[in-house]
Amino acid sequence: NAGVTQTPKFQVLKTGQSMTLQCAQDMNHEYMSWYRQDPGMGLRLIHYSVGAGITDQGEVPNGYNVSRSTTEDFPLRLLSAAPSQTSVYFCASSYQLRDSKGYTFGSGTRLTVV
Amino acid sequence: EDKVVQSPLSLVVHEGDTVTLNCSYEVTNFRSLLWYKQEKKAPTFLFMLTSSGIEKKSGRLSSILDKKELFSILNITATQTGDSAIYLCAVEEESGGSNYKLTFGKGTLLTVNP
């Protein structure tokens, strides 16, 4: 049981490049989400999904796309990276029905855009 | 305007001290409030609170929710250097249909000195 797996752990991009951050969970969680964490800003919600085929925007969605074709995977796409997207990205998942275990986070992806 | 406000933003104490971390929130369709501890990597789950006045306890940590006054506190007694971390408060709210989302505060950076 791997939990929430994020890849890659580190990435450096040039401005304008595209890439996909991967997130996979093996706990059959309906709910998955992406956050970015910047110094002094806490975690800010980018996009989230309550099930396969359903996605919605969070607090800071601009510059990011998501899709949810399976329950297990929730990739985050940067179509044209900008220096403002330099951040640490976390994927989190949970059961849709209230679960006392809360949300499970992946170990994060540290992205630098130069 | 921030929906989840934590205070203080940082705190330095000595081992053995007791600390109280605060979290106030303002959301429309409250579902639950969660506390997380973040050291160098991903946030780890501490507590989920859904009902007012019921204390959740785990070792030296405890937390309680006041849904009337819209706040929660996290207490840590007999602090140890291993308690040094960022403590994150998050509020889960219904966002229409079966959607829900988790909004984080900026966190409290706790430093426990020997």
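When A:Val12 is tested against the conditions (1) under 16 Å from A:Thr109 (Cα atoms); (2) in a loop (DSSP other than H, G, I, E, B); (3) away from every other protein chain (no Cβ under 14 Å), the lone failure is (2). Has region B:34-42 got any residue that is open to solvent by 60 Å² or more (accessible area, probe 1.4 Å), without any contact (Cβ under 8 Å) to a residue 24 or more places away in the chain, under 21 Å from A:Gly108 (Cα atoms) and within 13 Å of chain A (Cβ to nearest Cβ)? Yes, that holds for at least one residue.
Note on region A:25-44: residues that are at the interface with chain B (Cβ under 8 Å from one of its Cβ atoms) and open to solvent by less than 10 Å² (accessible area, probe 1.4 Å) amount to 5.
Within region B:49-72, residues that are within 14 Å of another protein chain (Cβ to nearest Cβ) reach partners that are of a type in the set (Lys, Arg) and open to solvent by less than 50 Å² (accessible area, probe 1.4 Å) with beta carbons closer than 8 Å, at six or more positions or on different chains, in the pairs B:Thr50/B:Arg31.
Answer yes or no as to whether A:Gln22 is assigned to a loop (DSSP other than H, G, I, E, B) and open to solvent by 70 Å² or more (accessible area, probe 1.4 Å). In short, no. Only residues that are within 17 Å of B:Gln38 (Cβ to Cβ) and either open to solvent by 40 Å² or more (accessible area, probe 1.4 Å) or over 14 Å from the mean Cα position of the chain (by Cα) (or both) were counted across region B:63-79, and they come to 1. Under the condition of being touching a Lys or Arg at 6+ places or on another chain (Cβ under 7 Å), of a type outside the set (Phe, Trp, Tyr) and at the interface with chain B (Cβ under 7 Å from one of its Cβ atoms), the residues counted in region A:45-58 number 2.
When you scan region B:18-29, do you find a residue that is within 28 Å of A:Gly51 (Cβ to Cβ) and at the interface with another protein chain (Cβ under 10 Å from one of its Cβ atoms), even just one? Within region B:18-29, none of the residues are within 28 Å of A:Gly51 (Cβ to Cβ) and at the interface with another protein chain (Cβ under 10 Å from one of its Cβ atoms).
The values are calculated or read from the model by the stated rules, or taken from the named source; none is laboratory data. The shown structure was predicted, so the numbers you read here are calculated from the model rather than taken from an experiment. All Cβ positions, glycine included, derive from the backbone under ideal geometry; neighbour counts span all protein chains shown. Ligands, DNA and RNA are excluded from the accessible area calculation, which covers all protein heavy atoms including side chains. Shrake-Rupley method; radii C 1.70, N 1.55, O 1.52, S 1.80 Å.
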